Ligand SMILES: [Zn+2]
Ligand SMILES: [Zn+2]
């Protein structure tokens, strides 16, 4: 990425592998919806940068004094590189780090054949989990983190506003925890065909048909969707804000009143928890995938070989057709 809206295919030198780092040969990279503004409109921290933060691959090299056992292993990668010094890092709440680096936005990422990452950020993929699923560890962990923060419980109703991949994954997690009913709410009827086949999850576009919900997770980031999430929460319900804000968020007074009068529990969520091999959102995601409790592959709507990365980006940018996860394969066809 040479500048905003200037993405080029180039041969670049292979990344260096300092002490404590590893080189991963990338096998699959998902396109995140955050990549679209990053690449086409908003840009990133410096140029040139290689985007791509949802990926999996095989370790080809580790830096000095790291465990050589990693070489040849299939891995997923936690893209956030924490400072490990700030108060939040000291409590192992790395997702709240004040001074983090990030693979694929602040530093070079995985729209490339090779990427350098710290060994600490590597997590091994179980044999029965595919590279495609492993490239979705990150968004699945973000979705799980949200579900936990929203107080989702078995037998309680959940609505997700927004039909992006993470929103749909939130619905899958809520379902796997026993929430019932689970709705994904969108405006676009064509999304129905992506969501209807998912077991236990219903699609709705007309809010007037619905009862109020125990938990509402907002996964759009617009003032309209945020107002809607407050409207459809039941008294003493939970509303969780997850969608990245599209701009300033202004609420009508009548909507704001409802937060007070319904005594809503309103919270935010950010990123996911990760602590190497220790228990975290990431280890839970991997276990759930390995045991077949959730199915990541059914969230992949499109696959492109690496030569067609631009076609995948353009499909999402222009909303050419309904999509969920757009996945790029780095293997030779
Ligand atoms: Zn992402
Ligand atoms: Zn930190």
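The values are calculated or read from the model by the stated rules, or taken from the named source; none is laboratory data. Just so you know, these numbers come straight off a predicted model, no measurement behind them. Neighbour counts run over all protein chains shown; Cβ positions are idealised from the backbone, glycine included.
At a glance:
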item	result
Residue that is more than 24 Å from residue 240 (Cα to Cα) and away from ligand 2 (no atom under 16 Å from the Cβ), where the choices are 140, 122	122
Residue in region 18-28 that is in a strand (DSSP E or B), touching a residue at least 40 places away in the same chain (Cβ under 8 Å) and within 16 Å of ligand 2 (Cβ to nearest atom) present	no
Condition met for residue 159 (surrounded by 24 or more Cβ atoms within 10 Å (Cβ to Cβ) and assigned to a strand (DSSP E or B))	yes
In region 139-156, the residues that are away from ligand 1 (no atom under 16 Å from the Cβ) and buried (at least 24 other Cβ atoms within 10 Å of the Cβ)	147, 150, 152
Single residue of 170, 147, 119 found to be in contact (Cβ under 8 Å) with a residue 24 or more places away in the chain and out of contact with any strand residue (DSSP E or B) (no Cβ under 6 Å at 6 or more places or on another chain)	147
Exclusive hit being out of contact with any helix residue (DSSP H, G or I) (no Cβ under 9 Å at 6 or more places or on another chain), free of Cβ contacts under 8 Å to residues at least 40 places away in the same chain and within 30 Å of residue 92 (Cβ to Cβ), set 307, 287, 314	287
Hey, residue 153 more than 16 Å from ligand 2 (Cβ to nearest atom), in a helix (DSSP H, G or I) and either over 19 Å from the mean Cα position of the chain (by Cα) or in contact (Cβ under 8 Å) with a residue 12 or more places away in the chain (or both) or not	no
Qualifying helices (runs of 4 or more DSSP H) (wholly inside region 229-333; at least 3 residues being under 20 Å from the mean Cα position of the chain (by Cα) and modelled with pLDDT of 95 or more)	281-290, 309-317
Residue check for residue 84: out of contact with any strand residue (DSSP E or B) (no Cβ under 9 Å at 6 or more places or on another chain) and at positive phi	yes
Residue among 222, 215, 208 that is away from ligand 1 (no atom under 16 Å from the Cβ), surrounded by fewer than 17 Cβ atoms within 10 Å (Cβ to Cβ) and either on the phi > 0 side of the Ramachandran plot or at pLDDT 95 or above (or both)	222
